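Report on the following structure.
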Amino acid sequence: MSLLFDYATLEAAWDTDPTERVRYAPDETGWALRLDPDHVLIANVPMADDLFLMDICECPQRGALPQVGRVVQRYYTQRALVRYATLDDPADLRRRYRLLAAVVQAQGCALEGIVPGAAQVQARAGCDLEAVITEAAAEAGLELFAVEIAEAEDEDED
């Protein structure tokens, strides 16, 4: 299947193109890069179960807060909800979380903190996500409580 959009080109423009607010789900909004009048690139890690960072979605420019529609191209295909021990020292927890994020991102994954003690990690197909998270938590000195991995639901192919 040929890609509609080239991720190398999109990543090169990541820091210079403006983002816009979109609706991911009835109870969640977030940021996206407008690719053309009908498509956006998801620009942060959504909590919605059916969306991933860097998904390219239908999203016509209508109304003040456009609704993201069907995913037409995926970058990440698996996610994990990570629960880890919090610390009494907030500065030490932030330092360790930043190290966790750096190690995960160095492995080509995306990470979004939900609240202290919980984060979502997204990865490409073929990544041993549990091993990446376990290694990153060990390097950061964070005790893991749980790693719950889920795969992206298959989209209907045209």
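Observations on the structure shown:
- The residue list Leu33, Leu4 contains one member that is within 17 Å of Gly69 (Cα to Cα) and open to solvent by less than 50 Å² (accessible area, probe 1.4 Å), which is Leu33.
- Residues in region 105-158 that are touching a residue at least 40 places away in the same chain (Cβ under 8 Å), open to solvent by less than 30 Å² (accessible area, probe 1.4 Å) and assigned to a loop (DSSP other than H, G, I, E, B): Leu142, Ala152.
- Restricting region 36-53 to residues that are closer than 14 Å to Val71 by Cβ and not hydrophobic (A, V, I, L, M, F, W, C), the residue that is surrounded by the fewest Cβ atoms within 10 Å (Cβ to Cβ): Asp49
- Any chance Asp88 is in a loop (DSSP other than H, G, I, E, B) and farther than 25 Å from Leu4 by Cβ: yes
- Only one entry in Val104, Val72 is of a type outside the set (Phe, Trp, Tyr) and in contact with a helix residue (DSSP H, G or I) (Cβ under 8 Å, 6 or more places away or on another chain), namely Val104.
- Close Cβ contacts (under 6 Å, 6 or more residues apart or on different chains) running from residues in region 64-75 that are outside any strand (DSSP E or B) to residues that are among the charged types (D, E, K, R) comprise Leu65/Arg23; Gly69/Glu58; Arg70/Glu58; Arg74/Asp55.
The values are calculated or read from the model by the stated rules, or taken from the named source; none is laboratory data. Not measured: the values here are computed from a predicted model. All Cβ positions, glycine included, derive from the backbone under ideal geometry; neighbour counts span all protein chains shown. The protein model used for the area step is the full one, side chains on, heavy atoms only, and it has no ligands, DNA or RNA in it. Shrake-Rupley method; radii C 1.70, N 1.55, O 1.52, S 1.80 Å.
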